[in-house]
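No lab work stands behind these numbers, since they all come straight from the coordinates. Bear in mind that the values here come from a model prediction, so they are computed numbers and not experimental data. Because the Cβ atoms are built from the backbone with ideal geometry, glycine has one as well, and the counts that use them run over all protein chains shown.
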Amino acid sequence: MRKFSFEKLDVWQLSRKLAVSIYKISEEFPKEEKYGLTSQIRRAIISVSSNIAEGSSRQSGIEQARYTEIAYGSLLEVLNQLILAVDLGYISTENVNEQRPAIEELVNKLYKLRISQLNKKKRH
C-alpha cells in the first residue's frame with residue numbers, strides 16, 4: 001500500500017497523537033459546550049494534521065510553508081482554548097500541563113518544517 005509523503009512526516013504523526021488526547025480531554029467539557037468550545041477545539045486540532053497533509057500536496061516550498069503556518073496557528077489556538085477551559089473550570093491545569101510537552105514539540109517541529117519548506121527550490 002502506498003504511503004503519501006505527509007504520512008512519513010514525524011510532525012504529522014505527532015499531530016495525530018495530540019488530536020486523540022485533545023478529543024479525550026474535550027469529552028470532559030460540559031454538554032452545553034458541544035457546539036461551543038468542544039466543537040471549536042476539535043476543529044482546531046484536526047486543522048493541524050489536515051493542513052500538514054494538504055500542504056504536502058503543494059508544488060512550491062512557499063505554498064507548503066503557508067499550510068504549515070496555518071497548522072502552527074491552529075496549534076496555538078488549541079493551547080489558548082485549553083487555557084480558557086481551565087479558566088472556565090472545565091478541566092484542570094494539570095490537564096493542560098500534561099499536553100504542553102507535546103504541544104511544544106509540535107510547535108518546534110512545525111517551525112523547522114516551515115523553514116525547510118521556505119528554503120526549497122521551486123519544483124519544475
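Data overview
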{"item": "Matching residues in region 43-73 - criterion: being within 17 Å of LYS8 (Cβ to Cβ), of a type in the set (D, E, K, R) and touching a residue at least 12 places away in the same chain (Cβ under 8 Å)", "result": "GLU54"}
{"item": "Count of region 40-55 residues which are over 9 Å from the mean Cα position of the chain (by Cα) and more than 19 Å from GLY89 (Cβ to Cβ)", "result": "5"}
{"item": "Any hit, region 16-24, residues being surrounded by 13 or more Cβ atoms within 10 Å (Cβ to Cβ), in contact (Cβ under 8 Å) with a residue 40 or more places away in the chain and among the β-branched types (Val, Ile, Thr)", "result": "yes"}
{"item": "Index of the failed condition, ILE22 passing every other in (1) within 11 Å of the chain's Cα centre (by Cα); (2) among the β-branched types (Val, Ile, Thr); (3) under 29 Å from LYS120 (Cα atoms)", "result": "(3)"}
{"item": "Close pairs from region 74-88: first surrounded by fewer than 20 Cβ atoms within 10 Å (Cβ to Cβ), partner hydroxyl-bearing (Ser, Thr, Tyr) and not in a helix (DSSP H, G or I), Cβ under 8 Å, at least 6 apart", "result": "VAL86/SER92"}
{"item": "Matching residues, region 84-124, being among the β-branched types (Val, Ile, Thr) and within 18 Å of the chain's Cα centre (by Cα)", "result": "VAL96, ILE103, VAL107, ILE115"}
{"item": "Meets criteria (touching a Gly at 6+ places or on another chain (Cβ under 8 Å) and over 26 Å from GLU33 (Cβ atoms)) for ASN119", "result": "yes"}
